[in-house]
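First the structure, in the form of structure tokens, and then the observations on it.
The values are calculated or read from the model by the stated rules, or taken from the named source; none is laboratory data. Here the structure is a predicted model, which means the values were calculated and not measured. Here the Cβ positions follow ideal geometry from the backbone for every residue, glycine too, while neighbour counts run over all protein chains shown. These accessible areas exclude ligands, DNA and RNA; they are computed on the full protein's heavy atoms, side chains included. Shrake-Rupley method; radii C 1.70, N 1.55, O 1.52, S 1.80 Å.
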Amino acid sequence: MEKCNHKIFCNQIDSMSDVPVCIKIEGLHPAKTYTLHSSVKPTSDLFECVVNYKADSLGVIDLNKSKAISGNYTGIEPMGIFWSMKPSPINKNQNPRFAKLDVTTPLEVNLCVYDCDITFDQFQTMRTEKTLDKHKVASMVINRWFMKPGTKRIPLTVQEHGVCGTLFIPSGKGPFPAVITMFGNRPGTMEYKASLLASHGFAALALAFYGAPGLPKLFLSVAKEWSLKLEYFENAVKYLLNHEKVDAPSGVGVMVLSFSGFIGIAMATFIPEVRCLILLNATVYVTYLKLTYKDMTFVSENWELSENSDFGSFRQLCRCFNNSFSITTPGQVDLQMPFYKRKDVAYMYIAALGDESTPSEHYANRIQKLLQLAKHPNYEILRYPGAGHLLEPPYSVHHKSTNVIDRFGVESLLCWGGVALPHCKAQEDAWKKQIQFLHNNLVHCAKL
């Protein structure tokens, strides 16, 4: 069979990154084993997948039906060539984080088919020896987008707008329901969640709160005391609701994760325009610093440190509390920011039970009990066994650990936890439920 007969078909060569695609390879030798290699460079680091399939009796490998027999994953996994990628051995940094920082360009996924059975390690050797090309029978580039065509991307600065971040406005007349997204212990912000939310009809603000011009340095500073002002986040809400394309009467939804969790809690407690809050593996109480609002001051939670903790796993820095469901009344720390009294705010807490960074299950249990005690009418608690801390939008890769700059300014290996397959399945399920939660609790008036 000639090489020119080998063809890759994809139903969407250009697609949004949170949308599944169908991939099929035809013109293969029946019952012969082939190797699929997918690779991508979201920044300077290469991520790749090597997986083996056997063609069926018609010479076809259909990722929606065919079983992978070995490699980065096994079984029927239609999107496995995307989520199962891992850092390439050729990278200088062996523990990079997969993140698309420039959402104005697509994530270019290279897919190649080879006419022999190659393992991940063998692939590296063949690449070094430059013997791969003689086995390559087909290739394709699949573009995965994080910003839908027609979406307006508006950079915001403290000097000009009073807040720092990037606003994404969907195409169409609107008005659109509004959402603020924040990340955790990372300076500045990343835009890919907000840009994806815009593709679902939301006016989404990717908000930075430290480590950018006009903002506190926090972990980048050697200052003895770190502090944040809730008024900054209140200004972000006001700016968003004053935008002509935003459905202001419906209020604002807030999505926070990890370190920014307590900021979301404070916003839901004190800012009346906040109507729903999604907490993803998030802290519930003020962490590491001081938060102020008007004449109130909130200080960091006094964790009981474990003597045998591994700094690489923040979860082990404190003993997880097992008595969250035994409380019969809110404790003193719970009374500082009584978010649970806001019956007009809907809450969703997403806990990855394999999280090695944050004691997410403890916080999920605590929030659930506080909302139960308050007889709150509108909340959801999602728990995902086997999932780790970095729950990203669908088909993103799993990170068990990555190199980060810690809160002391030192590069270290931080453990996130989780197992690839359940983690990536959790990402797909949780993203759908977050989108639905936002639609349910913010009036959707968009005219797309």
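Here are the numbers for the structure shown:
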read-out	value
Region 248-282, residues that are of a type in the set (S, T, N, Q), open to solvent by 10 Å² or more (accessible area, probe 1.4 Å) and closer than 25 Å to GLY418 by Cα	SER258
Residue list for region 217-239, restricted to those being open to solvent by 50 Å² or more (accessible area, probe 1.4 Å), in a loop (DSSP other than H, G, I, E, B) and not β-branched (Val, Ile, Thr)	LYS217, LYS224, GLU225
Where a residue in region 273-289 is closer than 12 Å to GLU361 by Cα and its partner, wherever it lies, is among the hydroxyl-bearing types (Ser, Thr, Tyr) and assigned to a loop (DSSP other than H, G, I, E, B), with Cβ under 8 Å and at least six apart	ASN281/SER357; ASN281/THR358; ALA282/THR358; THR283/THR358
Only one of ASN281, ASN235 that is under 25 Å from THR157 (Cβ atoms) and not aromatic (Phe, Trp, Tyr)	ASN235
Neighbours by Cβ (under 6 Å, 6+ apart or cross-chain): first from region 378-406, touching a residue at least 60 places away in the same chain (Cβ under 8 Å); second among the basic types (Lys, Arg)	THR402/ARG97
Within region 9-26, considering residues that are open to solvent by 20 Å² or more (accessible area, probe 1.4 Å) and under 15 Å from CYS112 (Cα atoms), the one farthest from the chain's Cα centre (by Cα)	GLU26
Test set (1) touching a residue at least 60 places away in the same chain (Cβ under 8 Å); (2) touching a helix residue (DSSP H, G or I) at 6+ places or on another chain (Cβ under 9 Å); (3) buried (at least 18 other Cβ atoms within 10 Å of the Cβ) - ASN52 fails condition number	(2)
Unmet criterion (only one of (1) closer than 25 Å to GLY261 by Cα; (2) touching a Cys at 6+ places or on another chain (Cβ under 8 Å)) for PRO187	(2)
Condition met for LYS433 (open to solvent by 20 Å² or more (accessible area, probe 1.4 Å), modelled with pLDDT of 95 or more and more than 22 Å from SER326 (Cα to Cα))	yes
Checklist (1) surrounded by fewer than 14 Cβ atoms within 10 Å (Cβ to Cβ); (2) in contact (Cβ under 8 Å) with a residue 60 or more places away in the chain applied to LYS245, failing item	(1)
The lone exception for ASP45 - which of (1) within 30 Å of SER199 (Cα to Cα); (2) outside any loop (DSSP other than H, G, I, E, B) it fails	(2)
Filter pass, GLY409 being farther than 17 Å from ILE278 by Cβ, of a type outside the set (Lys, Arg), modelled with pLDDT under 95 and not in a strand (DSSP E or B)	yes
Residue in region 195-205 that is outside any strand (DSSP E or B) and surrounded by fewer than 17 Cβ atoms within 10 Å (Cβ to Cβ) present	no
